[in-house]
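Notes follow the structure.
Just so it is clear, none of the values below were taken in a lab; they were calculated from the coordinates. Predicted, not measured: the structure shown is a model, and the values here were computed from it. Cβ coordinates were reconstructed from backbone atoms using ideal geometry, including for glycine residues, and neighbour counts include every protein chain displayed.
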Amino acid sequence: MASTQFGDANCLSDDAFDIVQLAVARTHPDAVLPQYGRAGDAGLDLCSVESLTLNPLQRTLIPTGIRLAIPEGFAGFILPRSGHALKRGLTLVNAPGLIDSNYRGEIGIIAYNSDPETSIEIVAGERIAQLVIQAVPTVQIIECDEADLDDTVRGQAGFGSSGS
């Protein structure tokens, strides 16, 4: 792995990671392929393939017109776009949406208009969400007794236990 010095920090450079190839098929002729907005972005933009109106407090499935072949050992995570969430109230119901590597159907975005008064107009080709591809290990479950779980400083403290 290559490393780079930044002040006192030792950071990995971008050549430390392999490029993951993602096969994408259009199911609609007007579908926009996922793409990065800028160099260094973690999320690929996902676009709506149709125009629609999302009424106040309404949720709907927005089609993208694409299918993916995520490589085994990886998963796709669909996340909201922060600008849409802040400016328009557009978010995702199940964020992050998980796409398993063995799923081959059309990618749909479960969108929600969180604004109680204003409708959101989505136009075909508009960027509506982000797709992040991440490595995910296969986990081997090992059943044990509760006493065999190691102790931590946090222990069983949860749901707000770190303060407000």
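Couple of notes before you dig in:
- Dipole axis of the chain (+1 Lys, Arg; -1 Asp, Glu on Cβ), positive-most option in Q35, Q134, G163: Q35
- Residue (of Q58, L46, P80) at the positive-pole extreme of the stretch 30-137, dipole from beta-carbon charges: P80
- Cα pair distances in the chain, grouped into 5 Å bins until the bin that holds the longest one, percent each: 2, 7, 13, 15, 13, 12, 12, 11, 8, 4, 1, 0
- Each part gets one Cα centre, and for the stretch 46-98 versus the stretch 107-164 those centres are 14 Å apart.
- For the chain, averaging the sequence separation of C-alpha pairs within contact (under 8 Å, six or more residues apart) and dividing by the residue count gives a relative contact order of 25 percent.
- Neighbour-count ranking [beta-carbon atoms within 10 angstrom, fewest first] of Y103, Y112: Y103, Y112
- Where a label projected 7 Å from the Cα of R59 along Cα→Cβ would reach, residues of the stretch 98-130 with amide N under 12 Å: 110-114
- Inter-probe distance in nm under a simple model that places probes 7 Å from Cα toward Cβ, at E121 and A157: 5.1 nm
- Qualifying GluC sites (Glu not before Pro) in the stretch 64-164, DSSP loop, other Cβ atoms within 10 Å at most 12: E72, E117, E143
- Just so you know, the Cα atoms of the stretch 74-114 work out to an Rg and Dmax of 11.4, 35 Å.
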